[in-house]
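The values are calculated or read from the model by the stated rules, or taken from the named source; none is laboratory data. All values derive from a computational prediction rather than experimental measurement. Quick reminder, even Gly has a Cβ in these numbers, built from the backbone with ideal geometry, and neighbours come from all protein chains shown. Accessible surface areas use protein heavy atoms only, side chains included; no ligands, DNA or RNA. Shrake-Rupley method; radii C 1.70, N 1.55, O 1.52, S 1.80 Å.
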Amino acid sequence: MFDPTLLALILTSIFIGFLLGRWQPFSKKKTTFQDENNLNNEYFTGLNYLLNEQTDEAIDSFIKALELSTDDNVKTYIIIGRLFRRRGEIEKAIQAHQDILARSSLTKEQSFQVQLELAHDYLKAGLLDRAEALLLELSQVEWSQKDEAVKSLLSVYEQEKEWQKAIDLIMELPHINVTMAIQTGHYYAELANICLQQKEFLQARQNIKKSMAFDKRGVRSNLQLGLLEYKLGNYREATRVLQKIARKNPLFISESIELLEKCYEHIHTQHGLSTYLAYCLKNYPGIAVIAATTRKIAASQSDHEASQFAAERIIQHPSLKGMDFLIENQLHNIKGNGQQLVLLLRDIVKKILAAQPIYRCMNCGFEGKELHWRCPRCHVWGKIEPITGLEGQ
């Protein structure tokens, strides 16, 4: 498939070639016929290379044409630099953008555009300090691509895990859209994580509250606050916070159910847990809820009734995880030759599950076994969720 960047370079080059051939200023018409012919030859040679996908030769021809031209041709240099960057030739991309920056004829807008491209080159090269310095300047001036500069600078702060810098940058903006509000919520959640690990619980609570304020529909802050209350021994408050997840995003019930069971063990009452599980079972009967309810029935009634309940519910809502749970739950009841067959079936199911992803990004489709709050592929915050259905919950 033809590269869109190459197509853009072709069209830009054709346009510039047309301008050079037709709209030369009066002062430039003193150029000799031989010079014009050389310039046009270089453009057409470059176009021929592009059409044959000989990218290196095409770039060389266009650079020669640019040297012959007295125009700035900023856009063409930018496209050439992008093409180098896309091909992984970062040093050439940096050189191309630095060369055009050295020109004294650039307007402020053109200079900002080239600096933004150069910052992207530095990012690609892993030179985060240089990229940060450029982007910080570009995010503090008013120009047409300021939003892109801010977005790129946030990306740098995310890679450096400079969460407070990222928050400060967003707070300086005149308007915070929904996407940036969600990002800010996750930045505060990242700070809360650090505080939880360092047992700075007061600061952790403050960051979690700020996270909730920015990302009102997100469940991450509920999971964090539930864990914080559990660590502090506030078990009833932890259950209250965790049970809100079912109404915010029921897909994350599976992420909270284990901690919720531990909280109720400390409270020494199961009534609240029974009510919550009954609500979830009616509205969101995933395997995590079925398994928790099965354990509760086994503890309060009998193993036989628990096994019967699990079998009935998993038949109604089949999944590989459900089958795995059912096999483990029934294995001790199976004797004789049948046990070997069930053990073989268990091993097959476990191998299938081992190869299956657990989470999926709703933005780009990335799948994995670990819950990332920021997608590793598309870098969007808060779009990864547990997979449901036959291969999920």
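A few remarks follow.
- With q set to 0.29, 0.31 Å⁻¹, the log10 of I(q)/I(0) for the stretch 176-223, from the Debye formula over equal scatterers at the Cα positions, is -0.98, -1.07.
- Globularity index of the stretch 233-387, i.e. its alpha-carbon radius of gyration over 2.2 N^0.38 Å: 1.16
- Hull volume per residue, based on the alpha-carbon atoms of the stretch 79-126 and their convex hull, is 57 Å³.
- Each of Leu153, Thr179, Asn234 was scored by the projection of its Cα onto the charge dipole of the stretch 144-279, and the greatest displacement toward the positive side belongs to Asn234; charges sit on the C-beta of Lys, Arg, Asp and Glu.
- Cα lying deepest toward the dipole's positive end in the stretch 290-393, options Asn329, Ile384, Ile315, charges on Cβ: Ile384
- Largest accessible area first, the residues Met180, Met362, Met323 order themselves as Met362, Met323, Met180 under a 1.4 Å probe with ligands, DNA and RNA left out.
- Ranked from largest to smallest solvent-accessible area, with a 1.4 Å probe on the protein heavy atoms, Tyr187, Tyr279 come out as Tyr279, Tyr187.
- Rounded to the nearest whole Hz, the Karplus-based 3J(HN,Hα) values (6.51 cos²θ - 1.76 cosθ + 1.60, θ = phi - 60°) of the stretch 169-184 follow the sequence 5, 5, 5, 7, 6, x, 9, 10, 7, 4, 4, 6, 5, 5, 4, 4, with x at glycine and proline.
- The stretch 86-155 versus the stretch 319-393: alpha-carbon centroid distance in Å: 44 Å
- Restricting the stretch 128-182 to trypsin sites (Lys or Arg not before Pro) that sit in a DSSP loop and have at most 15 other Cβ atoms within 10 Å of their own Cβ leaves Lys161.
- About its Cα centre, the stretch 281-391 has a charge dipole of approximately 280 debye under the convention of +1 per Lys or Arg Cβ and -1 per Asp or Glu Cβ, with nothing else charged.
- Here the scattering of the stretch 300-393 is modelled by Debye summation over its C-alpha atoms, one equal scatterer each and no solvent; at q = 0.14 Å⁻¹ the log10 of I(q)/I(0) is -0.64.
- Each Lys and Arg adds +1 at its Cβ and each Asp and Glu adds -1 at its Cβ; summed about the Cα centre, the stretch 224-346 shows a dipole of about 280 debye.
- Each of Ser254, Ser300 has its accessible area taken with a 1.4 Å probe; listed largest first, they run Ser300, Ser254.
- For the stretch 306-352, the Stokes-Einstein estimate of translational diffusion at 10 °C and a viscosity of 1.306 mPa s comes to 145 µm²/s, using the Kirkwood hydrodynamic radius over alpha-carbon pairs.
- Phi to ³J(HN,Hα) by Karplus 6.51 cos²θ - 1.76 cosθ + 1.60 over the stretch 109-124, Hz, x for Gly, Pro: 4, 5, 4, 5, 4, 5, 4, 5, 4, 5, 4, 5, 4, 4, 4, 4
- Straight-line reach from Lys210: taking Cα to Cα under 27 Å and skipping same-chain neighbours fewer than 8 places apart, the lysines in range are Lys146, Lys151, Lys161, Lys165, Lys199, Lys231, Lys244, Lys248, Lys262, Lys383.
- Local net charge near Glu229, Cβ-Cβ under 11 Å (Lys/Arg +1, Asp/Glu -1): +3
- The stretch 140-150 - phi-based ³J(HN,Hα) in whole Hz, Karplus 6.51/-1.76/1.60, Gly and Pro as x: 9, 10, 8, 7, 5, 10, 4, 4, 5, 5, 4
- Farthest towards the positive end of the charge dipole of the stretch 117-270, among the residues Ala125, Gln164, Asn207, is the Cα of Asn207, using unit charges on the Cβ of Lys, Arg, Asp and Glu.
- Point-charge dipole on Cβ atoms (K/R +1, D/E -1) for the stretch 210-272, about Cα centre, debye to 20: 360 debye
- The stretch 327-374: trypsin sites (Lys or Arg not before Pro) in DSSP coil with no more than 15 other Cβ atoms inside 10 Å: Lys335, Lys369
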